[in-house]
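To start, the structure under review is shown below, and the notes come after it.
Here, each number is a calculation from the coordinates, and none is a lab measurement. Computed from a predicted structure; not experimentally measured. Note that each Cβ is placed from the backbone with ideal geometry, even for glycine, and that neighbours are counted across all protein chains shown.
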Amino acid sequence: MGLVRGFEMTMGYIAHSVFRFIQLVLALTVCGLYGVDLHKANQEHKYTDGKWAYAEVVASLSAFTAVLYIIPFMSRVPFAFVWDTILFVLWIVLFGIFGNMYIHANAQGDSGIIRMKHAVWIDLTNALLWLISAVGMAWYYFKHRNNKTRWTGRATV
């Protein structure tokens, strides 16, 4: 492994970590945006709406996954792209649920509706990031699954 290959691996890992960090930040942002309403309902002793609980679960799973993928070599787990695809679908469902409720809503100065309109677009951003991640992880998996050994280059790993 030469100096150039080591530099490419290092830059690739840094780019991967920055991408995962962005996913982590946006997932935690969604936790905060939807958590405000859950906290308010809890303070008023009202029931927890399943839509908001679903949003918190999806955001929490995404944040946990992003933290795991930042760990070196965790992203090389076979079929990791399948989990990324599942998260993409979960985010699209979340976008559909809240997009249907808030995209066409007239806020008329209501800060709660304005906040939820922003949350809907962050949901879509998260979905697109997980789609990019799924495609990238699938490309990485299928590109590197028939690698030769590093020592001799003759055997298939």
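Could you work out the relative contact order of segment 3-144, using alpha carbon pairs under 8 angstrom and six or more residues apart, expressed as a whole percent?
Values: 128 pairs, mean separation 41.3, N = 142.
This gives 29 percent for segment 3-144.
Dipole magnitude for segment 1-133: about 180 debye, using +1 per Lys or Arg Cβ and -1 per Asp or Glu Cβ, origin at the Cα centre. Positive end of the charge dipole of segment 3-144 (Lys, Arg +1 and Asp, Glu -1 on Cβ, about the Cα centre): tell me which of TYR140, TRP91, ASN42 has its Cα farthest that way. Checked the options; the winner is TYR140.
Per q in 0.18 Å⁻¹, report the Debye log10 I(q)/I(0) for segment 3-144, using one uniform scatterer on each alpha carbon and no solvent. One equal scatterer on each Cα of segment 3-144 leads to -0.99.
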